[in-house]
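Encoded as C-alpha cells, the structure appears first; notes follow it.
The values are calculated or read from the model by the stated rules, or taken from the named source; none is laboratory data. This one's a predicted model, so the numbers in the text were calculated from it and none came from an experiment. Counting neighbours? That spans all protein chains shown, and the Cβs are built from the backbone with ideal geometry, glycine included. Side chains included, ligands, DNA and RNA excluded: accessible areas come from the protein's heavy atoms. Shrake-Rupley method; radii C 1.70, N 1.55, O 1.52, S 1.80 Å.
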Amino acid sequence: MTTRRRGLSLLLVAGLGLGAVSCGSGDDKPGAQGSGGPVTITVGCQPPKSNPKEREGWDADVAAFQKLHPNITIESKDAFPCINPDTFQAKLAGGTQEDVFYVYYTDVQKIIKARQAADISQYVGDVKAAKELRPDVQGVFKSEDKTYGLPRNNYNMGLVYNRKLFTQAGLDPDSPPKTWADVQAAAKKIAGLGAGYVGFGEYSAGNTGGWHFAASLYARGGSMVGDDGKTAAFNSPEGKAVLENLKTMRWNDNSMGSKQLLQWEDLMRMMGSGKLGMMIGAPDVVQSVNNDFQGKFEDYGVTAVPESEGKSSLSGGDGYMFNPKASPEKIKAGLLWLEFHELTPGQGQFNYARAKEQGRPVGLPIPDLYGDSAAGKEIVALRKQFATVPVDHFTPYMTAQSTITNKLEPPKAQELYAVLDVAMSAVLTRQDADIDKLLSDAESKANKILAKNT
C-alpha cells in the first residue's frame, strides 16, 4: 500500500516497531547532553489504545527518555489520524498544534511555504544521527538549505511476487524479474498454471490506477510533471511504454486475468489467495497480505520495480516538524526525543528485540532512513538478528536500493491519479484502446489541474 495514504497511516503505526529499550544514564547515550531548565513538549502520533503493544512500547520509551533527561517532560497526543489537513490550520491558529507534530512527506513543502513549521537549521546539527541520513530522505524536509524536520519512515515501491507460484511455474524465486520483458515472460508462465491464476495484477480505479502508473513511469525514468510543477510530463515515451506494456500483457498474453477495474483491496486479496503472481507495491504489502488477507510471509518476496535501477522509485514516508511558535528550548528537547525514538539503531522504533518479544513482525526492509551508511548497516544487522520473517526474501529489493533515487508523488497527486485511472482502465478493458489519444486527453486535463497549483 505502500502504499496509499489510506492504508499507510494505520500500517506504519502498527507495523514499524515503535518499541522501547531500557536506557541507563550517561553521556554516551543518544541525546544524553544538556540539562537546561525544565521544559514540557507535546508530541503527536502516539499509537492509539487500539494498538496496545505499540502504545506500551511508546509509553515505555517516554519513561526511559525522561529518566535520561529529567528536565524534559513529554506529553503524548494520540489523535488519529495523526495529521488531518481539515483541522491542521485550526489547530495551528488555536494554539493546540503539537510542539512536535507528525506529517506526511507529501505535505512537508506546503507546510514550509505556508510558514507553518519552525526552521530548525541551527539546532539540527546537534542530532548526530542526522549526519548519516540518506540525502534524498533528509532532503524532503529541506528548502533553500534550511531544515524543517526529521524523517521517521521512508519507503519506495517495489515488485511484490509470490515465490511459491514462481517455483510452481518453473521460475527461480531468488532471481525475480529485472525488466518488464522479464515480467511479461514470468506472468505468462504463472497464468499458464491453470484457471484463476493471474500472472500480473494492476489497479485501474479509485485513483489507484494513476498511482501505479506513476510508480511504473518513475521506474522507467519518466516524470509526472515538469520541473515547474505546473505542466504534465507523463505524455512521453516512458508514459506510452507503461500503457503499451499493460495492453500487451492484458490482450496478447492473457496474463492479467479478465477481471479489471481493480482497487486497493482487490490485489491484496488476490495475492493472499495464492493465485496472483506479481504486483507493484512497497514491502509492507507483504505484511498486510499476511495480517489481513490470509497470506503467509514465507510465500512472498520483494524486488525493485523493473528497470528502476539507476533511475527513480515512487517513494513516501512520514516524519516530524516543529510548531513555528515553539521556543528554542522546546525545539532542542524535541530533537533529543526524535533522535532517541526515531533515529537510533536498537531503540525506539528500531528496537527489534522488543518487537520480536511482543510477537510483531521483524525483518521488513523499511523504514530505510540511512541507506548503506554505518547506521543503516547496523539496523540491517539488527533486523537479521531478531528476524521473525524471511529476511532473504527481501534481498533483491535491498540490493537495488543503492542505485535508486527516491522520488515523491507529484503535486495535486490524487487529482492526477484520477485522470490517469481513465487511461489505465481503458487499456485493461478495451482491446482497441488508443494509447496516444488516452495520454493526450489525460495531459490536457492534467494541465488544467496543475495550472491551479499554488
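Please go through (1) closer than 17 Å to VAL419 by Cβ; (2) surrounded by fewer than 24 Cβ atoms within 10 Å (Cβ to Cβ) for ASP228 and return the number of the only condition it doesn't satisfy.
Looking at each condition in turn, ASP228 falls short on (1).
For region 173-205, which positions are under 23 Å from the mean Cα position of the chain (by Cα), farther than 21 Å from TYR155 by Cβ and in a loop (DSSP other than H, G, I, E, B)?
THR179, SER204, ALA205
Restricting attention to region 35-94, which residues are charged (D, E, K, R) and surrounded by 13 or more Cβ atoms within 10 Å (Cβ to Cβ)?
Going through region 35-94, the residues charged (D, E, K, R) turn out to be 49, 53-56, 59, 61, 67, 75, 77-78, 86, 91.
Those that are charged (D, E, K, R) and surrounded by 13 or more Cβ atoms within 10 Å (Cβ to Cβ): LYS53, GLU54, ARG55, GLU56, ASP59, ASP61, LYS77, ASP78, LYS91.
Contact list please: Cβ distance under 7 Å, first residue in region 128-153 and closer than 22 Å to GLN347 by Cα and assigned to a helix (DSSP H, G or I), second residue modelled with pLDDT of 95 or more and charged (D, E, K, R), pairs at least six apart or on different chains.
Listed pairs, sorted by first residue: ALA129/GLU339.
Which of the residues belonging to region 224-270 are without any contact (Cβ under 8 Å) to a residue 24 or more places away in the chain and over 30 Å from TYR197 (Cβ atoms)?
Within region 224-270, GLY226, ASP227, ASP228, ALA233, SER236, PRO237 meet the criteria.
With respect to LEU276, is the statement that it is more than 21 Å from the chain's Cα centre (by Cα), open to solvent by less than 10 Å² (accessible area, probe 1.4 Å) and not small (Gly, Ala, Ser) true? Break it down stepwise before answering.
On the way: more than 21 Å from the chain's Cα centre (by Cα): yes; open to solvent by less than 10 Å² (accessible area, probe 1.4 Å): yes; not small (Gly, Ala, Ser): yes.
Yes, satisfied.
If you go through region 356-372 one residue at a time, how many are modelled with pLDDT under 95 and farther than 24 Å from VAL160 by Cα?
The total comes to 1.
Do the conditions hold for THR388, that is, is it in contact with a Leu (Cβ under 8 Å, 6 or more places away or on another chain), modelled with pLDDT of 95 or more, open to solvent by 60 Å² or more (accessible area, probe 1.4 Å) and not basic (Lys, Arg)? Full working, then the answer.
Values: in contact with a Leu (Cβ under 8 Å, 6 or more places away or on another chain): no; modelled with pLDDT of 95 or more: yes; open to solvent by 60 Å² or more (accessible area, probe 1.4 Å): yes; not basic (Lys, Arg): yes.
When the stated conditions are applied, THR388 does not pass them.
Take THR395 and tell me if it is within 20 Å of PRO47 (Cβ to Cβ), of a type in the set (Val, Ile, Thr) and open to solvent by 20 Å² or more (accessible area, probe 1.4 Å).
Working: within 20 Å of PRO47 (Cβ to Cβ): no; of a type in the set (Val, Ile, Thr): yes; open to solvent by 20 Å² or more (accessible area, probe 1.4 Å): yes.
Spelling it out, it is not the case that THR395 is within 20 Å of PRO47 (Cβ to Cβ), of a type in the set (Val, Ile, Thr) and open to solvent by 20 Å² or more (accessible area, probe 1.4 Å).
Consider LEU382 against the criteria (1) assigned to a helix (DSSP H, G or I); (2) closer than 22 Å to ASN156 by Cβ; (3) open to solvent by less than 10 Å² (accessible area, probe 1.4 Å); (4) not polar (S, T, N, Q): it satisfies all of them except one. Which criterion is unmet?
(3)
Quick one: in region 336-373, of everything that is farther than 18 Å from ASP136 by Cβ and small (Gly, Ala, Ser), which residue is surrounded by the fewest Cβ atoms within 10 Å (Cβ to Cβ)?
Across region 336-373, the extreme among qualifying residues is GLY359.
Quick test for you: out of ASP284, ASP299, pick the one residue that is in contact with a strand residue (DSSP E or B) (Cβ under 8 Å, 6 or more places away or on another chain), acidic (Asp, Glu) and at pLDDT below 95.
Values: ASP299 fails: at pLDDT below 95.
Selected residue: ASP284, the only one of ASP284, ASP299 that is in contact with a strand residue (DSSP E or B) (Cβ under 8 Å, 6 or more places away or on another chain), acidic (Asp, Glu) and at pLDDT below 95.
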